[in-house]
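Asks: Questions regarding the structure given below will be posed in turn.
The values are calculated or read from the model by the stated rules, or taken from the named source; none is laboratory data. Bear in mind that the values here come from a model prediction, so they are computed numbers and not experimental data. Cβ placement follows ideal geometry from the backbone for every residue including glycine, while neighbour counts extend to all protein chains displayed. When the accessible area is computed, the model is the full protein with side chains, heavy atoms only, and any ligands, DNA or RNA have been set aside. Shrake-Rupley method; radii C 1.70, N 1.55, O 1.52, S 1.80 Å.
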Amino acid sequence: MNRTLVIGDLHGALKALIQLISRAKITTDDTLIFLGDYVDGWSDSAPLVSFLIALQKTHNCIFIRGNHDALFYTWLTEKKYNPEWLQHGGQATIDSYSTLSKEENELHLRFYEHLKDYYTDDSNRLFLHAGFTNLHGPSREFFSKLFYWDRTLWETALAIDPKLKKTDLTYPKRLLLFEEIYIGHTPVTRIHKTTPVQATCVWNIDTGAAFKGPLTAIDIATKEYWQSDPVYQLYPDEKGRN
């Protein structure tokens, strides 16, 4: 049976991804949608991206752009960075990339350049890293960086009164545009969860792999999900983004 699996923010945790692929019994019949933030956190950012580049040759993969991917691409191409980025995993990524050959760096550059801001499937499900603000949807979004920086979509979904009906005039219009929306970016550990969280039509799959949580994959048809061990246990000598 062909599955579509959505995978949360990776943050350099190659060991967790390998574990997750095994636990979910992922095959070449599955479509894999990665929600971004491949780098910044654990020490395997460069090997992780190399793994993903190889994976897309054997599997149907869709790679979404995360804010950390955009930040690292700026450093990779312009050697510019925000000092705060270094404190949030950037230094681990720079260190990880220090051993790559010129040819490997070129492959990685092309990977980052071909990341998608968002993806919509045939069932009107939206997949993106963070969110959007335009009431007409992401195709009308003026500020493209919001696709991988916005937190208002998730905050709005969480704040909706369960008694509010979709037909009410005050119901957020953004949440009426898609059957489902899958995001990462804001770890659900902030609301003391470590499993995927649904708020109205929005599913948040970032279960805190960069911090103390596991990496997660979810089947969008059945909502069955699989998780790695808490990632910090796989990298016991590192701090991640703590």
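Asks: Can you confirm whether the range 172-186 contains a residue that is in contact with a helix residue (DSSP H, G or I) (Cβ under 8 Å, 6 or more places away or on another chain), among the basic types (K, R) and either at pLDDT 95 or above or within 23 Å of N67 (Cα to Cα) (or both)?
Replies: yes
Asks: Need pairs with beta-carbon distance below 6 Å; first residue more than 10 Å from A13 (Cβ to Cβ) and within the range 27-48, second among the charged types (D, E, K, R) and open to solvent by 10 Å² or more (accessible area, probe 1.4 Å); sequence gap 6+ or separate chains.
Replies: Note: pairs meeting the criteria are D30/R3; G36/R65.
Asks: Hey, can you tell me all the residues within the range 58-102 that are farther than 11 Å from Y38 by Cα and β-branched (V, I, T)?
Replies: Within the range 58-102, T58, I62, T74, T77, I94, T99 meet the criteria.
Asks: When the range 110-122 is examined, which residues are found to be open to solvent by 20 Å² or more (accessible area, probe 1.4 Å), within 24 Å of R3 (Cα to Cα) and of a type outside the set (F, W, Y)?
Replies: H114, K116, D117, T120, D121, D122
Asks: Going by the conditions given, is T99 of a type outside the set (G, A, S), open to solvent by 80 Å² or more (accessible area, probe 1.4 Å), within 19 Å of D44 (Cα to Cα) and touching a residue at least 40 places away in the same chain (Cβ under 8 Å)?
Replies: yes
Asks: Which condition number does L107 fail, the rest of (1) free of Cβ contacts under 8 Å to residues at least 12 places away in the same chain; (2) open to solvent by 30 Å² or more (accessible area, probe 1.4 Å); (3) over 19 Å from the mean Cα position of the chain (by Cα) being met?
Replies: Failing condition for L107: (1).
Asks: For the range 112-127, give me each residue that is hydrophobic (A, V, I, L, M, F, W, C) and in contact with a Ser or Thr (Cβ under 9 Å, 6 or more places away or on another chain).
Replies: Scanning the range 112-127 gives L126, F127.
Asks: Only one of T222, T200, T195, T167 is closer than 23 Å to R65 by Cα and among the polar types (S, T, N, Q); which?
Replies: After ruling out the rest, the residue left standing is T195.
Asks: I would also like to ask the following. Kindly provide the set of residues from the range 112-143 that are in a loop (DSSP other than H, G, I, E, B), under 15 Å from W203 (Cβ atoms) and in contact with a strand residue (DSSP E or B) (Cβ under 7 Å, 6 or more places away or on another chain), ordered by number.
Replies: H129, A130, G131
Asks: Let me ask another. Any idea which of L100, L126, L153, L146 is touching a Pro at 6+ places or on another chain (Cβ under 8 Å) and not polar (S, T, N, Q)?
Replies: The unique qualifying residue is L126.
Asks: Starting from the range 110-127, keep only residues that are on the phi < 0 side of the Ramachandran plot and basic (K, R), then list their pairs with residues that are surrounded by fewer than 18 Cβ atoms within 10 Å (Cβ to Cβ) and outside any strand (DSSP E or B) whose Cβ atoms are within a distance under 6 Å, requiring at least 6 positions of separation or different chains.
Replies: Taking only residues 6 or more apart or on different chains, the pairs are R125/E179.
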